[in-house]
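Beneath this line is the structure, given in structure tokens, with notes to follow.
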């Protein structure tokens, strides 16, 4: 094919030029070209080096998401001992963007304090894995003495149980021998039954002592050390249960039951005293176990076992807080990809890493380890076995929250209220001295105790009884000025116009929960009625130090209750202020809204919630719920959680503080754990994290007297959110999709017409 | 200043040439359509954060495809039609010609991004409170800088061949291959080496800018690499005279 006239000059031009040019000229031209290009690229490299040295960055985000928050910088500047932060992670799983964000965050932290040394250990590499193993062994060796001290405390507690067992058994035999008359046959032999009960208690005590030894013989896979926190929890649970049984028998001996009259009075009194002494010894053993703080090594156990974590090590004396770890999952959760692989979701990784590291640094700086006691009322058939089962179930359900709180140095325990035991005995003192011997006991600090009361279902007689027990506990805690977190729930008695026991107990507080009418949202459904299980996502305010670090984040509440704040409230024109940390000007209680939800036409406090709840939707498909102005209530906005500073006790221990959260069991894992999903259109993933666990953590720390519990981070800033309705957005979408390209083409057409 | 006059004249001629043919308008309209779809899918959802970060990530990906289409004709067209010979007779250096063409393409890139400002307006109207504008400006800076780099790669490809199709494919494959290659290599290499390698990862730098962080290193990276590629293109173009 012959070349076209158009390209002939092009193809022949260079050849002609080349033919005319001498070889020397071409060489010098080429050399000059190479020098030009080399000089240009050298200049570029130099500019890059200079830019790297200058490290000039402009963070344009309103929340300063790319720099350390002022609070973080202040915490790091105040470090009083050398800290080492080991970032143990798989670079491959983090991905390039995640690795860059993590490195960025760690570098910012590193630059903020000379006392913080940071190292990255890549577990993809054999050398990295070996280094991490060495580090793990070193930490275990360093912390082993603390664990072995706790083993000694638990063994001593076990010996106490054994001694109590001997005493109780002797008492049982004494009672058996002391009866004046031959025993009647069958169930009429009340004394015989009571003696049997006491013998069983003695057997249980002996078994509990053996169980302590058995528990201590089980070693963790990652540290080859006895799992003392688990053993302590088990001992506390068993001892509490047996103690109740002994107390019951002692009460019977002191009662006017005619069946007891077959025993001589002096024998009854002696036996009662012996049983009460044994019960006290058992309670003391339980309390000693309960007071043991979780050793730092166990706080970080899961993270160390996973081999992917940020491990923070503080140089200090053994027994002082020295070790914290943040599982990498807390910073970059893993998710399953469509192809079956797993990948880390790195959205907000930088901000999360900063917030969690600063929280860990703070937890190590504070010697006080608050103890959050979940107060639960007896919900089973009343038997000790039932109590035990309930305690274990709650223990399992709260496991994720327990792990989360451990990062901040908070231990979580359960206290079961029963009819057999006065609430005063079940509840611990306001502060607890750490039990133990050796290094564990050298710390003079005491542990602040925060009571957490969660309302129960009250649609049965047993439920109402549980609510009454909780109300008794709340009254006692209020009367004694203990810090308390209360979560009231919708109340069946209140729905029928009667008083809800827990609400009545909270009457002295300047806040009133509407337990008769929970918030429900009408949602379009095929059945034409709204869902009784309203899943609300209110937002945390920034008006209180308890939640200032979480402001703008959403929590997830079910069966939410509006709270009416009735006392003094901080001035509304001071957003972000910390009213509780300023000097009080009066002794009147101050209530502050923590969690708020804007009102809407589809949202109201529903008085007939019980009917809706009990009626199967499929059974009454035509039951369309409507707002009833006579009994329902609709406001512009709702307060769902509040903090109350009663200012009646010493501010040093935070004992006058109370927090109310109007939601049902909002810290259980289903609501507290983040859910993550890959997002094909963004950087890789979306983390739909509720702030429930963080809210719980912040409230516990605030109730324990800490005003700045969580480091403010990028997550704390209120973010603009798309608030337009789906219908409006659909219109906007189609307008943009159609008008933009058509507008451009129309403009082009117009330009062409104008040009002629 | 007088040295810049021919540069500006060439850039202006190049820009007007793109608008003189329907293809220029079609490219802008197509980009606007894809951007609007990407924005609608990624950002305009109730309850979502009012941020254009996800959009900028997608738009950065679109530019990988669109920029080579803009730049493919810059020199290839001249070479194919023979008008390159005429340009060599003009009283301007080859470097000025190449820089002028590149500047014209960059101006076209700005014109192409301009309609997407309607998306910002839409976001502001749909959000409470209104999103901050500085991070959005930073995101647009990422698109401009990233687009300039892609145009420079396309320009280099255009200098190397007479065929616009080849120039487009060469630029596209180079961009995609380089980006995927760097990220894939970073996944398997040790963290220290991976960190160094990620220095050249364009999407990560775009993502950093799009997240609202203007880092001098990123700006210098984009401008530097773009300039280096244009210098290389100019030298290669000039080499046709004497090679």
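Of the conditions (1) under 19 Å from residue A:311 (Cα atoms); (2) at pLDDT below 85, residue A:89 satisfies every one except a single condition; which number is it?
(2)
Take segment A:52-63 and flag every residue that is buried (at least 18 other Cβ atoms within 10 Å of the Cβ) and without any contact (Cβ under 8 Å) to a residue 40 or more places away in the chain.
Selection gives A:59, A:60.
Can you name every residue in segment A:635-659 that is farther than 21 Å from residue A:394 by Cβ, crowded, with 17+ Cβ neighbours inside 10 Å and at pLDDT 80 or above?
Passing the criteria: A:638, A:639, A:640, A:641, A:642, A:643, A:644, A:645, A:657, A:658.
Mind counting the residues in segment B:128-144 that are more than 11 Å from chain A (Cβ to nearest Cβ) and buried (at least 24 other Cβ atoms within 10 Å of the Cβ)?
2
For residues that are under 13 Å from residue A:297 (Cα atoms) and in contact with a helix residue (DSSP H, G or I) (Cβ under 8 Å, 6 or more places away or on another chain), tally how many sit in segment A:121-143. Working first, answer last.
To start, the set of residues in segment A:121-143 that are under 13 Å from residue A:297 (Cα atoms) comprises A:135-143.
Those left that are additionally in contact with a helix residue (DSSP H, G or I) (Cβ under 8 Å, 6 or more places away or on another chain): A:136, A:139-140, A:143.
Of the residues in that region, 4 qualify.
Output the residues belonging to segment B:43-65 that are within 13 Å of residue B:168 (Cβ to Cβ) and crowded, with 24+ Cβ neighbours inside 10 Å. Walk me through how you get there before you give the answer.
We begin by selecting, within segment B:43-65, every residue within 13 Å of residue B:168 (Cβ to Cβ); these are B:64-65.
None; the set is empty.
Kindly provide the set of residues from segment A:64-89 that are within 14 Å of chain B (Cβ to nearest Cβ) and either buried (at least 21 other Cβ atoms within 10 Å of the Cβ) or under 17 Å from residue A:312 (Cβ atoms) (or both), ordered by number.
From segment A:64-89, those within 14 Å of chain B (Cβ to nearest Cβ) are A:64-68, A:86-89; that's our starting set.
A:65, A:66, A:68, A:86, A:87, A:88, A:89, listed by residue number.
Quick check on my filter: what residues within segment A:590-617 are modelled with pLDDT of 75 or more and farther than 26 Å from residue A:555 by Cα? I'd like the intermediate steps shown before the answer.
Taking segment A:590-617 first, the residues modelled with pLDDT of 75 or more are A:590-611.
Hit for segment A:590-617 is A:611, nothing else.
Matching residues to (1) surrounded by 20 or more Cβ atoms within 10 Å (Cβ to Cβ); (2) within 28 Å of the chain's Cα centre (by Cα):
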| position | (1), (2) |
| --- | --- |
| A:236 | yes, yes |
| A:257 | no, no |
| A:279 | yes, no |
| A:285 | yes, no |
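All but one of (1) at pLDDT 90 or above; (2) out of contact with any strand residue (DSSP E or B) (no Cβ under 8 Å at 6 or more places or on another chain) hold for residue B:51; state the number of the condition that does not hold.
Of everything listed in (1) at pLDDT 90 or above; (2) out of contact with any strand residue (DSSP E or B) (no Cβ under 8 Å at 6 or more places or on another chain), residue B:51 misses just condition (1).
Among the residues of segment A:111-124, are any assigned to a helix (DSSP H, G or I), within 31 Å of the chain's Cα centre (by Cα) and within 14 Å of chain B (Cβ to nearest Cβ)? Outline the logic, then answer.
Taking segment A:111-124 first, the residues assigned to a helix (DSSP H, G or I) are A:111-112.
When the remaining residues are screened for being within 31 Å of the chain's Cα centre (by Cα), the result is A:111-112.
From the residues that got through so far, the ones that are within 14 Å of chain B (Cβ to nearest Cβ) too are none.
No - not one qualifying residue is present in segment A:111-124.
Give the residue, chosen from B:70, B:98, that is in contact (Cβ under 8 Å) with a residue 60 or more places away in the chain and within 26 Å of residue A:748 (Cβ to Cβ). It would help to see each step written out before you state the result.
Details: B:98 fails: within 26 Å of residue A:748 (Cβ to Cβ).
Result of the check over B:70, B:98: B:70.
Restricting attention to segment A:43-63, and to residues there that are in a loop (DSSP other than H, G, I, E, B) and more than 7 Å from chain B (Cβ to nearest Cβ), which single residue is nearest to the chain's Cα centre (by Cα)? Give the derivation first.
The first filter runs over segment A:43-63 and keeps only residues in a loop (DSSP other than H, G, I, E, B), leaving A:55-56, A:60-63.
Subsequent filtering for residues that are more than 7 Å from chain B (Cβ to nearest Cβ) retains A:55, A:63.
Values: A:55: 37, A:63: 24 Å.
So, considering only residues that are in a loop (DSSP other than H, G, I, E, B) and more than 7 Å from chain B (Cβ to nearest Cβ), the one nearest to the chain's Cα centre (by Cα) is A:63.
Could we say that residue B:40 is buried (at least 17 other Cβ atoms within 10 Å of the Cβ), in a loop (DSSP other than H, G, I, E, B) and facing chain A (nearest Cβ under 9 Å) here? Working first, answer last.
Details: buried (at least 17 other Cβ atoms within 10 Å of the Cβ): yes; in a loop (DSSP other than H, G, I, E, B): no; facing chain A (nearest Cβ under 9 Å): yes.
No: the conditions fail for residue B:40.
Looking only at segment A:184-231, which residues are over 30 Å from residue A:255 (Cβ atoms), out of contact with any strand residue (DSSP E or B) (no Cβ under 9 Å at 6 or more places or on another chain) and assigned to a helix (DSSP H, G or I)? Don't jump to the end; show me each part of the working.
First, pick out the residues of segment A:184-231 that are over 30 Å from residue A:255 (Cβ atoms): A:210-231.
With out of contact with any strand residue (DSSP E or B) (no Cβ under 9 Å at 6 or more places or on another chain) added as a condition, the list becomes A:210-214, A:221-224, A:228, A:230-231.
Residues satisfying the conditions are A:210, A:211, A:212, A:213, A:214, A:228, A:230, A:231.
Under 20 Å from residue A:214 (Cβ atoms) and at pLDDT 85 or above, is that true of residue A:277? Reasoning before the result, please.
On the way: under 20 Å from residue A:214 (Cβ atoms): no; at pLDDT 85 or above: yes.
Answer is no for this residue.
Of these, B:226, B:211, which one is buried (at least 18 other Cβ atoms within 10 Å of the Cβ), at the interface with chain A (Cβ under 10 Å from one of its Cβ atoms) and at pLDDT below 90?
B:211
If I go through segment B:198-224 residue by residue, how many of them are out of contact with any strand residue (DSSP E or B) (no Cβ under 8 Å at 6 or more places or on another chain), over 17 Å from residue B:183 (Cβ atoms) and part of a helix (DSSP H, G or I)?
Final tally of qualifying residues: 6.
Looking only at helices (runs of 4 or more DSSP H) that fall completely inside segment A:386-488, which ones have 2 or more residues that are at pLDDT 75 or above and more than 26 Å from residue A:515 (Cα to Cα)?
On the way: elements: A:399-406, A:423-426, A:439-442, A:461-479.
Filter on segment A:386-488 gives A:399-406.
Which of the residues that make up segment B:162-181 are within 14 Å of another protein chain (Cβ to nearest Cβ), in contact (Cβ under 8 Å) with a residue 40 or more places away in the chain and over 17 Å from residue B:102 (Cβ atoms)? First the steps, then the outcome.
Of the residues in segment B:162-181, the ones within 14 Å of another protein chain (Cβ to nearest Cβ) are B:162-164, B:178-181.
Remaining after also requiring in contact (Cβ under 8 Å) with a residue 40 or more places away in the chain: B:162-164, B:179.
Selection gives B:162, B:163, B:179.
Could you list, in sequence order, all residues of segment B:94-127 that are out of contact with any helix residue (DSSP H, G or I) (no Cβ under 9 Å at 6 or more places or on another chain) and either part of a helix (DSSP H, G or I) or more than 9 Å from every other protein chain (Cβ to nearest Cβ) (or both)?
Listed by number, the list holds a single entry, B:121.
Of the conditions (1) over 24 Å from residue A:36 (Cα atoms); (2) within 11 Å of another protein chain (Cβ to nearest Cβ); (3) surrounded by fewer than 21 Cβ atoms within 10 Å (Cβ to Cβ), residue B:200 fails just one. Which one is it?
(1)
Taking segment A:736-752 on its own, how many of its residues are farther than 15 Å from residue B:111 by Cβ and at the interface with chain B (Cβ under 7 Å from one of its Cβ atoms)?
Residues that pass the stated criteria total 2.
The values are calculated or read from the model by the stated rules, or taken from the named source; none is laboratory data. Since we're looking at a predicted model, the values are computed, not measured. Don't worry about glycine lacking a Cβ; one is built from the backbone with ideal geometry, like all the others, and counts go over all protein chains shown.
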